[in-house]
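Report on the structure given below.
Readers should treat all values here as calculations from the given coordinates under stated rules, not as data from a laboratory. Keep in mind that this is a model prediction, so the values were computed, not measured. Using ideal geometry, Cβ is built from the backbone for each residue, glycine included, and neighbour counts are taken over all protein chains shown.
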Amino acid sequence: MNFRYSTPIVLAALSGGVLSAALAIASGDEEMTTTSLPSPLTDQDFLYDGAPDASLVELGRTLFFDPILSGNKNISCGTCHDPAFGSGDGLALGIGEGGIGAGPDRTTADAVLGRVPRNAQPLWNIGARSYVSLFHDGRVEALAAKGSTGAIRNPAGSDLPSDVSSPLAAQAFFPVTSPIEMAGQYGESQMANAAHHESRREIWDMLAQRVAAVPTYLDMLRAAFPKVEIAGDVEFLHLAEALAAFQAEAFRADQSPFDVVLRTGDPTYLPLETQAGLDLFYRAAGCARCHSGPLLTDHQFHAIVVPQIGPGTGEPSLVTLFPKGVR
Ligand code: HEC
Ligand code: HEC
């Protein structure tokens, strides 16, 4: 199906503040008064062309919500990326393994040494191919998009399997290696100790074998990957690919009223106030300078003059909400 809307959509302000759309405008000063809306998203804009294999998605769904991927089996991906809280956790700074409760009510237990230093990103449309750079600082990034090889720049360097299929699958290798997020605190387990020493491959191997040892998982892995026959064939790469397929499918969100406007080219589908906002966004307020394209982002990094609040990572913050030692 080829349903790409190519005619530029032009918004025109009418008297009285009411907006209407015209598919083409013939009049005068176009630069001042008109802006094109982006083309709508199609299946091809998503990994697996929007249709990942059902057995892969099912494996990914089960793993995403299963604490089996954490050192102490006490936290899953879904704890911080909870569908009940918009695929985030409702907290400014997440509470990883050892925490108690869900969403904004989650609190630290005694054994928890620190908070996750950054906000848990929501995962909407994270399966779109245009997300080539992941995490707040883009530390997982497909270099191919920048004209280089097919490699993915990542914190583990060449330890990351070279045949990982997407930045999204590459990302899944990392939460499990963070002591605070999923692996556990030094001294608690072999996996936690490996995390402390940044022995990531050891963690990935331990997790692959732990999952493969569960008969139901081994069946699911066999269904999703024809090359997997026995538990010894299972690698963390299989788990990561399944997690990516699940996230790409489950968090796809391109049926909003905005998406309808992009598909039909008719902003009058929106309530009047919303049309006014759309007009502002694309013209006077200049939001679309950065929030461009159907995903409302240019995928670039911008300095927006907001100081770091809270611990963050790396350089000390201008404002620290937590006393020394708590991070
Ligand atoms: C303890 C909370 C926590 C857990 C558990 C967790 N995440 Fe996250 N996730 C975060 C935080 C915080 C970030 C942002 C980190 C950063 O940028 O440094 C993030 C970022 C991401 C991103 C990048 C999103 C983007 O827009 O760049 C993806 C994808 C993701 N997580 C998936 C997962 C998967 C898959 C798992 C399980 C294997 C998982 N997360 C487990 C808190 C968590
Ligand atoms: C110079 C580029 C730029 C412009 C112009 C801009 N933004 Fe942003 N905006 C950003 C960046 C960068 C972020 C992400 C900050 C972060 O996550 O750390 C952001 C974040 C946001 C968010 C939060 C999104 C989320 O998922 O949490 C909203 C909402 C937003 N902008 C709305 C607007 C509106 C409305 C306008 C126009 C009035 C606007 N922005 C103009 C760069 C811009």
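The phi-based Karplus calculation (6.51 cos²θ - 1.76 cosθ + 1.60; θ = phi - 60°) puts the 3J(HN,Hα) values of the range 83-90 at x, 6, 10, x, 6, x, 10, x Hz, whole numbers, x for Gly and Pro.
Please say if the range 188-293 is rounded, prolate or oblate, where rounded means a/c under 1.5 for a ≥ b ≥ c the square roots of the C-alpha gyration tensor eigenvalues, and otherwise the choice is prolate for a/b larger than b/c and oblate otherwise? Prolate, since a/c reaches 1.5 and a/b exceeds b/c. Per the Debye formula on identical point scatterers at the alpha carbon atoms of the range 45-250, with no solvent, log10 I(q)/I(0) at q = 0.08, 0.12, 0.19 Å⁻¹ is -0.25, -0.58, -1.54. Proximity of backbone amide H atoms, modeled 1.01 Å from N, is registered between GLY88 and ASP82 at under 5 Å, excluding neighbours fewer than 5 places apart on the same chain. Short-range pairs are left out: with C-alpha atoms under 8 Å and at least six residues apart, the relative contact order of the range 193-288 is 15 percent.
Note on the range 210-254: Kirkwood radius taken over Cα pairs, Stokes-Einstein applied at 25 °C and 0.890 mPa s, translational D equal to 220 µm² s⁻¹. Couplings 3J(HN,Hα) of the range 274-291, computed from phi: 5, 4, 5, x, 4, 5, 4, 4, 8, 10, 4, 7, x, 4, 6, 4, 9, 8 Hz, in residue order, whole Hz [Karplus 6.51 cos²θ - 1.76 cosθ + 1.60, θ = phi - 60°; x for Gly and Pro]. Backbone geometry of the range 67-80 corresponds, through the Karplus equation with coefficients 6.51, -1.76 and 1.60 at θ = phi - 60°, to 3J(HN,Hα) couplings of x, 4, 7, 10, x, 9, 6, 10, 7, 10, 3, x, 5, 8 Hz, x marking Gly and Pro. When +1 charges are put on Lys and Arg Cβ atoms and -1 charges on Asp and Glu Cβ atoms, the dipole computed for the range 45-250 relative to its Cα centre reaches about 360 debye. Please label the shape of the range 39-108 as rounded, prolate or oblate, based on the square roots a ≥ b ≥ c of the eigenvalues of the alpha-carbon gyration tensor (a/c under 1.5 means rounded; beyond that, a/b larger than b/c means prolate, else oblate). The shape class here is oblate.
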